[in-house]
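Chemist: Dropping the structure in here first, questions after.
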Amino acid sequence: MDANLIVSNILNPPVLFFFLGMTAVFVKSDLEIPAPVPKLLSLYLLFAIGFKGGVELMKSGVTQEVVLTLVAAVLMACVVPIYTFFILKLKLDTYDAAAIAATYGSISAVTFITASAFLNELGINFDGYMVAALALMESPAIIVGLILVNLFTTDGKRDFSWPEVLRDAFLNSSVFLLVGSLLIGFLTGEHGWQVLEPFTQGMFYGVLTFFLLDMGLVAARRIKDLQKTGVFLISFAILIPIVNAVIGLAIAKVIGMPQGDALLFAVLCASFDQGIGDIFDVRIAGNIATPEVIGSIEYAVALLNTPLLMVLGHERCGAVTAAVQNEPLPGDISTFVKAIKPVVAKVKYQPGNTVDNAVIANVHYQIQRLKRSPLLSERLQSGKLKIVGGRYDLDTGSVGIIT
């Protein structure tokens, strides 16, 4: 590859701001972007690429190449979670394997947007119907993941409603906005583009740059989590996107996609889905539901519409161990240990490992405390929220659902 091309892309403002975000974390700057802002930026980017894709699709029309590409996109979204599931099953349980497989079968709109910007920078054209491929690849992988859970579990823990799952898969905010923008762009065509061009085109790179600044912050904060992941999952995360990209390029060659479309199709096949606001992480020793923690969770539920809360304990938890040992502790450590002691009293004489029993009991206890929140309780009763418990195994990296 031309060295000048590499340098010119690295020195692009969006890329540099991504690295600026990472640098802010590494040097311990207090730079932080409020949670609703990245969500708003991501919705704008989906709206902009969806609308432009619809306009371009109207210009090109629905040809045989378009149909073949969209069919191939759906097939990849179904096939990827199936074969990755069986690879993951070598080390993980069914639930974890299906969840990760569905993630890799789904797509990343952020990666697609970045790849589109890369092609625009190089002056390489791509067709608007690739946005339709993006929209179509979001939901099938989720459904396939749930089917795999149904086929390979016999423990009776499968607790979900298919109508609710299908509604969330096809009508979640990202898919709904993307498809809706695509349809409006298709219906309004060139006239609609001229009306919205200052908003959809003029602001696009500025918004993308600010969005990637936040992505840099997020990426740098998650680097330390790699040490908890293990060699198997790290190797999987590196190799599977490469394999999927190669498969995507092979399909693109068979169909006869032009250069720009082939790159975007390979990116869609290789990317996986975890967008801004998908995970709202609240960490505190012992997983205790303090007023501050409950307030943070209420914020995520009320403002970000978080549909699922998980209280995640882990084996050999230091806070729970301290509560079990009941020895004097320095500083303010005793404040959170004190909140766990009622749980320890309930499991003290149960058979098995007292710390592990207390970890599980503490998860149940903190879930009950969360359910006392009027805001969370209302969401639970209306079916808009679920709260589950989990236990993280430090040795294997797997998460078991606590019932």
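The values are calculated or read from the model by the stated rules, or taken from the named source; none is laboratory data. Owing to the predicted nature of the structure, the values given are computational and were not obtained by experimental measurement. Cβ placement follows ideal geometry from the backbone for every residue including glycine, while neighbour counts extend to all protein chains displayed.
Chemist: What tally of residues in the stretch 113-125 results from selecting those that are farther than 23 Å from Phe176 by Cβ, within 26 Å of the chain's Cα centre (by Cα) and modelled with pLDDT of 80 or more?
Modeler: Counting residues in the stretch 113-125 that are farther than 23 Å from Phe176 by Cβ, within 26 Å of the chain's Cα centre (by Cα) and modelled with pLDDT of 80 or more gives 1.
Chemist: Does the stretch 313-323 contain any residue that is closer than 30 Å to Gly216 by Cα, at pLDDT 80 or above and either assigned by TED's automatic domain parsing to the domain that holds Leu385 or in a loop (DSSP other than H, G, I, E, B) (or both)?
Modeler: Taking every residue of the stretch 313-323 in turn, at least one turns out to be closer than 30 Å to Gly216 by Cα, at pLDDT 80 or above and either assigned by TED's automatic domain parsing to the domain that holds Leu385 or in a loop (DSSP other than H, G, I, E, B) (or both).
Chemist: If you don't mind, another one. Here are some conditions: (1) at pLDDT below 85; (2) touching a helix residue (DSSP H, G or I) at 6+ places or on another chain (Cβ under 6 Å); (3) polar (S, T, N, Q). Asn357 meets all but one. Which one does it not meet?
Modeler: Against the list (1) at pLDDT below 85; (2) touching a helix residue (DSSP H, G or I) at 6+ places or on another chain (Cβ under 6 Å); (3) polar (S, T, N, Q), Asn357 comes up short only on (1).
Chemist: Just one of (1) out of contact with any helix residue (DSSP H, G or I) (no Cβ under 7 Å at 6 or more places or on another chain); (2) among the hydroxyl-bearing types (Ser, Thr, Tyr); (3) at pLDDT 80 or above trips up Thr229, so point out which.
Modeler: (3)
Chemist: When the stretch 130-154 is examined, which residues are found to be more than 15 Å from Ala115 (Cα to Cα), touching a residue at least 40 places away in the same chain (Cβ under 8 Å) and in a helix (DSSP H, G or I)?
Modeler: The answer is Ala132, Ala135, Leu136, Pro140, Ala141, Ile142, Val144, Gly145, Leu146, Leu148, Val149, Phe152.
Chemist: Just give me the residues in the stretch 98-129 being out of contact with any Pro (no Cβ under 6 Å at 6 or more places or on another chain), within 16 Å of Val79 (Cβ to Cβ) and part of a helix (DSSP H, G or I), in sequence order.
Modeler: Hits for the stretch 98-129 are Ala98, Ile100, Thr103, Tyr104.
Chemist: For the stretch 324-334, which residues satisfy the criterion of being at pLDDT below 75 and assigned to a helix (DSSP H, G or I)?
Modeler: If the condition is that a residue be at pLDDT below 75 and assigned to a helix (DSSP H, G or I), then Ile333, Ser334 are the ones that fit.
Chemist: To continue, here is another question. Filter the stretch 328-371 down to residues that are in contact (Cβ under 8 Å) with a residue 12 or more places away in the chain and polar (S, T, N, Q) and give me whichever is nearest to Arg391 (Cα to Cα).
Modeler: So the residue we want is Asn362.
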